[in-house]
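Below you'll find the structure, written out as structure tokens, and then a few comments.
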Amino acid sequence: MTRKRFHHNTIAVIYDFDGTLTPQPMQEYTVLPKLGIEAKEFWSRVDREAKEQNADGIATYMRLMIEQADVKKFKITRKDLGSLSKNIKYFPGVEDFFEKTRQYTEEKSENKVKIRHYVISSGLKEIIEKTPLARHFHNIFASEYYYDIYNKAAFPNVIVNDTLKTQFLFRINKGKERLSESINTHTPFEDRAIPFENIIYIGDGLTDVPCMTVTNKEGGFAIAVYKAHSPEGLKTCKELFQADRIDYLAKADYTEGSDLYKIVISIIDQMIANIVLLKESYSQYKKYGD
């Protein structure tokens, strides 16, 4: 390993959104109630049409939302979507979790280590970026509409499905977070912004498996969360654990002292210790190496 400089002093915590930070998909708090559409009926139609047309499920739900809005004479604009974000409900402790972990990381490391929070979601960026959580995120990677000259959502501009999510893991890893930047060229470990050893991925189910698997295999930590009183959610998390897709599972409770909170803090402690030790290694190489 070449040791020209040390800059791997940032921890990244990456979250799915729906089912991870919120009990229900964001559409069920926002667009679907606005259109008067029952959630179960909508998602069943999405699954049916995606299968019938051999189409991507995320592209299908985004198309159907536009079509249903047209039927209801409702114009979907970026502003409209953002205004609906106020209706979203979160798991316990979510709204304080980001600031608490930031403060903890800086205090524990004596300001030698920073923490960044990211979202990688199949949900709509237009909604997420207007939530009160958005100010805590270093970046939000999510599906997004293209808007026509009348500011009306016309068709999907960015689609983030379960497999495409992994692209954004590597964008964070390589420090190439703009979609216009290619991530296909080789980037030496030395030049990567955040090594996978400094990454924690938190998700809730099968759609997170590709990201969980990549994070886990590349040396980071993957955590699966489940909704309280949800046997099905707990069952999914157990299956992920038994298949070695994740390192830990916990109830989706982000309050200080909860199992999830303690797991994340313990991982942060380990990462801080590793970063401090690696920094010392770089210092000694510079002092005593060739």
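The values are calculated or read from the model by the stated rules, or taken from the named source; none is laboratory data. Quick caveat: nothing in here was measured; it's all calculated off a predicted structure. Positions of Cβ are backbone-derived with ideal geometry, glycine not excepted, and every protein chain shown enters the neighbour counts. Keep in mind that these areas ignore ligands, DNA and RNA; they rest on the heavy atoms of the full protein, side chains included. Shrake-Rupley method; radii C 1.70, N 1.55, O 1.52, S 1.80 Å.
Proximity of backbone amide H atoms, modeled 1.01 Å from N, is registered between ILE14 and TYR118, ILE200, TYR201, ILE202 at under 5 Å, excluding neighbours fewer than 5 places apart on the same chain.
If you roll a 1.4 angstrom probe over the protein chains with everything in place, what fraction of the accessible area of the chain belongs to carbon and sulfur, to the nearest %? The computed percentage sits at 49.
Among the trypsin sites (Lys or Arg not before Pro) within the range 30-139, those in coil by DSSP and having at most 16 neighbouring Cβ atoms inside 10 Å are LYS72, LYS73, LYS75, LYS89, LYS112. Shown for the range 93-145 is the translational diffusion coefficient from the Stokes-Einstein equation, using the Kirkwood radius over Cα pairs, a temperature of 37 °C and a viscosity of 0.692 mPa s: 272 µm²/s.
By the Cα gyration tensor, the range 147-290 has an equivalent ellipsoid whose semi-axes, rounded to whole angstrom, run 30, 26, 14 from largest to smallest. Solvent-accessible area of VAL264, all protein chains in place: 0 Å² (probe radius 1.4 Å, heavy atoms, ligands and nucleic acids excluded).
Rounded to whole Å, the principal axis extents of the Cα atoms in the chain read 72, 43, 33, largest first. Normalised by the number of residues in the range 86-194, the mean separation of alpha-carbon contacts (under 8 Å, six or more apart) gives a relative contact order of 17 percent. Taken along its principal axes, the alpha carbon cloud of the range 1-138 reaches lengths of 57, 35, 24 Å, longest axis first.
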